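The values are calculated or read from the model by the stated rules, or taken from the named source; none is laboratory data. What you see is a predicted model; the values in this text were computed from it and never measured. Glycine gets a Cβ as well: all are built from the backbone with ideal geometry, and neighbour counts include every protein chain shown. Quick note on the areas: whole protein, heavy atoms, side chains included, nothing else; ligands and nucleic acids left out. Shrake-Rupley method; radii C 1.70, N 1.55, O 1.52, S 1.80 Å.
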Amino acid sequence: MHLQYEDFEKIMDIGVRLSTERDRNRLLMTILDKGMEITNCDASTLYLYEKDELHFKFMKTLSQGISRGLAGEVIDLPPVPMKEENVCSYAAIHREVVNIPDVYASSRFDFSGPRQYDSLTGYCTQSQLVVPLANNENELIGVLQLINAMDEDGSVTAFNEEYEIIIRALGAIAAIELTNLSYVEALKTQIYSFVEALTTALEERTPYNALHTRNVEKYASLLADYMTELHREGKCGKSFDPARKEQLMLAALIHDIGKMVVPLSIMNKATRLDTRLEKVDDRFALLKALYEIDMLRGRITEEEYEAAAEDLASELAFIHKMDVIDYVSDENCEHIRRLAGKQHVSEDGRTLSYLTDKEAESLSIRSGTLTVRERKEMENHVVMTSKILEKVQFYKGFSMVPKWVGAHHEYLDGSGYPNGLKGDELDLETRLLTVVDIYDALVATDRPYKQPISQGKAIQILKDMAEKGKVDLQLVEWLDEALKKEAEKIEERG
């Protein structure tokens with residue numbers, strides 16, 4: 001039998017398929033299946049070279065319906081040592097294709113292993129074609145062992161020598177692609193190590209933010225998996241294959257990297273005054289002492305002193321209340337404005353204000369703990385995240401990460417930051433990150449500046465935001481469903 005044009009066309013098609021396959025196991029299975037298909041053989045074994053041994057990866061025998069390793073399970077057979085008396089090892093050591101027409105008639109190699117296997121299983125190993133898998137740098141990747149070529153009548157025959165060319169070509173292409181995949185995996189590992197290093201740095205600055213990062217990753221994964229499940233059921237037009245989800249997970253892990261440059265006084269600001277409250281307490285104690293001195297020196301009466309002391313106590317209690325209250329009303333803002341205008345005037349004309357301008361500004365924050373300036377500094381973390389990531393040369397499989405991360409505080413109606421993007425300008429992944437980022441911020445139990453709220457209330461807040469056109473309502477609903485489903489699974493296991 002001579003090689004036909006169709007044979008060369010087939011290997012070209014296989015080469016294209018191998019070059020586009022990004023899953024290592026599927027690529028390895030393709031090598032095994034196509035090797036068997038080209039040579040029309042009954043059985044095969046694929047070994048991978050690791051730690052100076054050949055390890056069983058896949059085994060397949062059509063006539064006996066045997067298929068091992070193809071589902072990801074480990075084959076519990078000892079690895080083959082790199083000794084020349086073993087045909088697979090010989091092919092690997094010398095990077096040479098070995099064609100054995102009849103195992104039982106050959107004394108060239110030690111075939112005690114196949115003979116023992118035959119006696120245990122009733123199989124009859126006859127012909128073998130053993131092909132080393134080496135890349136363009138002659139680095140050994142593994143070995144493909146094809147067993148029992150079949151003729152047109154279904155009888156076992158020797159492997160056609162002319163097919164050695166095609167199988168060697170298949171092995172070379174496969175080895176190169178496996179090497180390329182290894183390079184890609186190395187790049188991914190490098191990127192993830194970079195992310196882990198930055199996340200560790202964030203954790204050292206403020207522990208709650210590191211937990212937030214992990215939670216955003218967890219919720220993003222949960223929602224992506226749920227959407228993929230719905231897609232399989234025909235209920236969702238979008239899904240996340242492994243590569244797409246992997247990119248989303250990296251974006252989730254790195255989405256707050258810019259917070260490395262946000263001052264801790266802002267990051268961890270627990271109340272409106274935060275650490276400045278202690279200074280206010282000390283000042284009010286000083287004010288009381290100054291009024292007492294005024295009384296002792298006869299500048300004010302005892303009744304005036306008592307009135308001043310009572311007023312100080314009342315105003316200080318008001319300040320403590322405003323420091324932690326959820327919302328500061330117009331009436332309270334006016335009270336703070338009047339309070340900021342109060343001051344003690346000493347005998348020599350020196351003045352001491354009850355509140356500084358910054359303290360009055362902080363106490364007048366309607367909700368939250370950050371002033372306008374502080375909030376702008378906090379929001380700038382998104383810009384800094386983008387600047388940091390601009391310096392990173394991302395592998396093409398992660399090329400969208402900077403775009404998604406840089407926009408995770410944008411809203412659909414254009415009211416977000418930093419660029420006021422809206423609608424279709426925001427990718428699905430960006431909108432998903434926005435939803436899970438807000439959700440975790442609402443339910444988080446370790447934020448120094450807020451109390452956590454329930455899952456149900458957090459979802460309702462997100463739905464209210466969706467009704468105002470800020471976030472994707474469908475994603476909010478799917479997150480709600482995914483969280484409830486996950487809770488049910490936990491309850492069943494517990």
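Only lysine pairs 8 or more places apart or on separate chains count here, and in the stretch 240-342 those with Cα atoms under 29 Å apart total 13.
Straight-distance candidates among the aspartates and glutamates for linking to Lys485, with alpha-carbon spacing under 17 Å and chain neighbours fewer than 8 residues away dropped: Asp225, Glu229, Glu233, Glu477.
Could you state the accessible area per residue of the stretch 398-494 in Å², with a 1.4 Å probe and every protein chain left in place?
Working: 4800 Å² over 97 residues.
Heavy-atom SASA per residue in the stretch 398-494 reads 49 Å².
Gain in length, Thr121 to Val324, computed as 0.36 nm per residue apart minus the alpha-carbon separation, to one decimal in nm? List each step's numbers first, then the result.
Details: separation 203, 0.36 × 203 = 73.08 nm, distance 7.72 nm.
Result: 65.4 nm gained on full extension.
A P(r) calculated from all alpha carbon pairs of the stretch 333-398, with 5 Å bins opening at zero, reads 3, 14, 14, 12, 10, 9, 8, 7, 6, 5, 4, 3, 1, 1, 0 percent.
Residues with beta-carbon under 12 Å from that of Ala482, excluding Ala482: net charge, scoring Lys, Arg +1 and Asp, Glu -1? Overall, the nearby charge balance is -3.
What does the net charge come to around Ile336 if you take all other residues with beta carbon closer than 12 Å to its beta carbon, with K and R at +1 and D and E at -1?
Details: positive: Arg272, Lys321, Arg337, Arg338, Lys342, Arg366; negative: Glu315, Asp323, Asp330, Glu331, Glu334, Asp357, Glu359, Glu361.
In short, -2.
Our analysis of the stretch 44-162 gives Rg over Rh at 0.95, with the two radii drawn from alpha carbon positions and Rh computed by the Kirkwood formula. Only the Cβ atoms of Lys and Arg (+1) and of Asp and Glu (-1) were treated as charged; on that basis the dipole of the stretch 367-494 about its Cα centre amounts to roughly 420 debye.
Surface listing: Arg276, Arg337, Arg168 arranged by accessible area from highest to lowest gives Arg337, Arg168, Arg276, probe 1.4 Å. By a 1.4 Å probe calculation restricted to protein chains, Lys358 has an accessible surface near 140 Å², given to the nearest 10. Helical runs (DSSP H, four residues minimum) scored at -39500 (n - 2.57) apiece and divided by the length of the chain put the mean residue ellipticity at 222 nm at -18500 deg cm²/dmol.
The stretch 297-348 and the stretch 394-437 have Cα centres lying 47 Å from one another.
Once all protein chains are placed together, Leu277 keeps about 30 Å² accessible to a 1.4 angstrom probe.
Across all directions, the average flat footprint of the convex hull enclosing the Cα atoms of the stretch 363-420 is 5.0 nm².
If the limit is 28 Å between Cα atoms, which of Lys396/Lys489; Lys238/Lys403; Lys396/Lys422; Lys218/Lys463 go over it? Over 28 Å Cα-Cα: Lys396/Lys489.
When both the stretch 81-136 and the stretch 356-381 are represented by their alpha-carbon centers, they are found 75 Å apart. Starting from the Cα of Val184, step 7 Å toward the Cβ, then list every residue of the stretch 394-421 with an amide N under 18 Å from that point. Once the point is set 7 Å along Cα→Cβ of Val184, 394-401 turn out to lie under 18 Å by backbone N, inside the stretch 394-421. Shown are Ser127, Ser119, whose ranking by accessible area with a 1.4 Å probe and every protein chain present, most to least, is Ser119, Ser127. Projecting the Cα atoms of Leu355, Val382, Asn332 onto the charge dipole of the stretch 303-394, computed from C-beta unit charges around the Cα centre, puts Val382 farthest toward the positive end. Neighbours of Cys236 by Cβ distance under 15 Å: Lys/Arg scored +1, Asp/Glu scored -1, total -2. In terms of accessible area, using a 1.4 Å probe and ignoring ligands and nucleic acids, Arg431, Arg115 rank largest first as Arg115, Arg431. Can you give the angle from 0 to 90° between the axis of helix 276-296 and the longest principal axis of the chain, with both taken from C-alpha atoms, to the nearest 10? The answer is roughly 10 degrees.
What the Cβ-Cβ distance of Glu491 and Lys396 gives, at R0 = 35 Å and to the nearest 0.05, is a FRET efficiency of 0.25.
Could you work out the relative contact order of the chain? I mean the mean sequence separation of Cα pairs under 8 Å and 6+ apart, divided by the number of residues, in percent.
Once normalised by length, the contact order is 11 percent.
Give the relative contact order (percent, whole number) for the stretch 408-494; include only Cα pairs under 8 Å separated by 6+ residues.
24
What is the stretch 77-199's relative contact order, in percent, from Cα pairs under 8 angstrom and six or more apart in sequence? Computed value for the stretch 77-199: 22 percent relative contact order. Within the stretch 259-365, the GluC sites (Glu not before Pro) that combine a DSSP coil assignment with at most 16 other C-beta atoms in a 10 angstrom radius are Glu347. Computed with a 1.4 Å probe on the full set of protein chains, the accessible area for Thr30 sits at about 10 Å². Distance distribution note for the stretch 254-393: the fraction of Cα pairs above 19 angstrom is 59%.
Could you please tell me the mean projected area of the C-alpha convex hull for the stretch 146-247, averaged over all directions and given in square nanometres to one decimal? Result: 11.7 nm². Modelled spin-label separation between Asn25 and Ser63, with each label point placed 7 Å from Cα along the Cα-to-Cβ direction: 2.9 nm.
Give the Debye-formula value of log10 I(q)/I(0) at each listed q (0.14, 0.16, 0.18 Å⁻¹), with one equal scatterer per alpha carbon of the stretch 377-494, two decimals each. Computed log10 I(q)/I(0) values: -0.69, -0.86, -1.02.
A straight line joining the Cα centroids of the stretch 239-272 and the stretch 468-494 runs 21 Å. Solvent-accessible area assigned to carbon and sulfur over the chain amounts to 51 percent, based on a 1.4 Å probe.
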